[in-house]
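Right, one structure below, let's go through it.
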Amino acid sequence: MSVESDGTEDAGWDVDPDDEQGVAVLAALGRQLKVWREERGVRAADLGTQIGYGEDLVRKVEAGKRIPRPEYLDKVDEALRAGGKIVAMKMDMEQVRYPKKVRDLAKLERQAVEISVYSTHAVHGLLQTAEHARALFEMRQPAYSQDEVERYTAARVARQSVFSRTPAPAISFVHEASALCRPIGGTMVWRNQLERLLELGQLRHVSLQVMPNSREAHPGMDGGIEILKFGDGTAVGRSEGAFNGRPVSDPKQLRILDLRYGIIRAEALTPRESRAFIEELLGET
């Protein structure tokens, strides 16, 4: 996490200038925060002192150049005695808090009644612990800034609210065994990740399967598959090994992905066998 020059905790992330929706929403949010502060007769420097942030950061948020974390709005609401009116701005901020491509994906996942995933070389993002996700982002090349690492990590973890949704979607995962054997982030991060898989695998609406390395070949050898189905009967899918990796919604193309995924599930270990496999990995750490 980045730190302001005066040593106070950072309040959020830089705004992506190419995210037009985000720029507009944050500019409006910043103007409202500035109006509240000035109506209370509080200087930016004094507000920063009260809430534990630097003056420069307060001004960046008010100028719409910084995306505040939710707790920042909590502290400003209390300091300016806004009675919850500033806290209520969180709903608008949540729309643009994360990168646009992540927001678009999260929106589809929230709407889906069925989610099917085959993952090859890494634990799928919906299953990752924050520490595991952070370690992956820190490995990216060209390297992300620490600010970007924290923002993408928070966005990935936020998507996992799909598991507690009501009504719950039916979620199915098939993971290559090799993806579960690499100790990304070190031994403790790896152990915590395996424990997280066991925890999520116990949810009644979640099926977690492992594709053993002993399977010589199967329809997923060309790359991962993701299929999201919605309540109105429509669906969207994507596979690295089909249709040039583009998202597809045509029924004929979706049937191909469905066929491949169905065979993959049949070739994988059963959920019970997969749980035993993960427990064995955990016992070896």
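Out of VAL162, VAL189, VAL149, one residue alone is of a type outside the set (D, E, K, R), assigned to a helix (DSSP H, G or I), touching a helix residue (DSSP H, G or I) at 6+ places or on another chain (Cβ under 9 Å) and open to solvent by 20 Å² or more (accessible area, probe 1.4 Å). It is VAL189. Taking the condition under 29 Å from GLN253 (Cα atoms) and either open to solvent by 30 Å² or more (accessible area, probe 1.4 Å) or part of a loop (DSSP other than H, G, I, E, B) (or both), does ALA168 pass? Taking the combined requirement at face value, the residue satisfies it. Selection within the range 254-264: residues that are under 27 Å from the mean Cα position of the chain (by Cα) and surrounded by fewer than 18 Cβ atoms within 10 Å (Cβ to Cβ). The member of this set that is farthest from GLU176 (Cα to Cα) is LEU254. Residue under question is ARG255, and the condition is that it be without any contact (Cβ under 8 Å) to a residue 12 or more places away in the chain and closer than 24 Å to ARG134 by Cα; does it hold? In short, no. Once the range 268-284 is narrowed to residues that are touching a residue at least 24 places away in the same chain (Cβ under 8 Å) and open to solvent by 70 Å² or more (accessible area, probe 1.4 Å), the residue that is nearest to GLU195 (Cα to Cα) is GLU279.
Taking GLY220, is it in a loop (DSSP other than H, G, I, E, B), surrounded by fewer than 15 Cβ atoms within 10 Å (Cβ to Cβ) and of a type outside the set (Ser, Thr, Tyr)? When the stated conditions are applied, GLY220 does not pass them. Note on the range 97-118: residues that are modelled with pLDDT under 95 and surrounded by 21 or more Cβ atoms within 10 Å (Cβ to Cβ) total 2.
The values are calculated or read from the model by the stated rules, or taken from the named source; none is laboratory data. All values derive from a computational prediction rather than experimental measurement. FYI the Cβ positions are ideal-geometry reconstructions off the backbone, even for glycines, and counts take in every protein chain you see. SASA here: full protein model, heavy atoms, side chains in, ligands and nucleic acids out. Shrake-Rupley method; radii C 1.70, N 1.55, O 1.52, S 1.80 Å.
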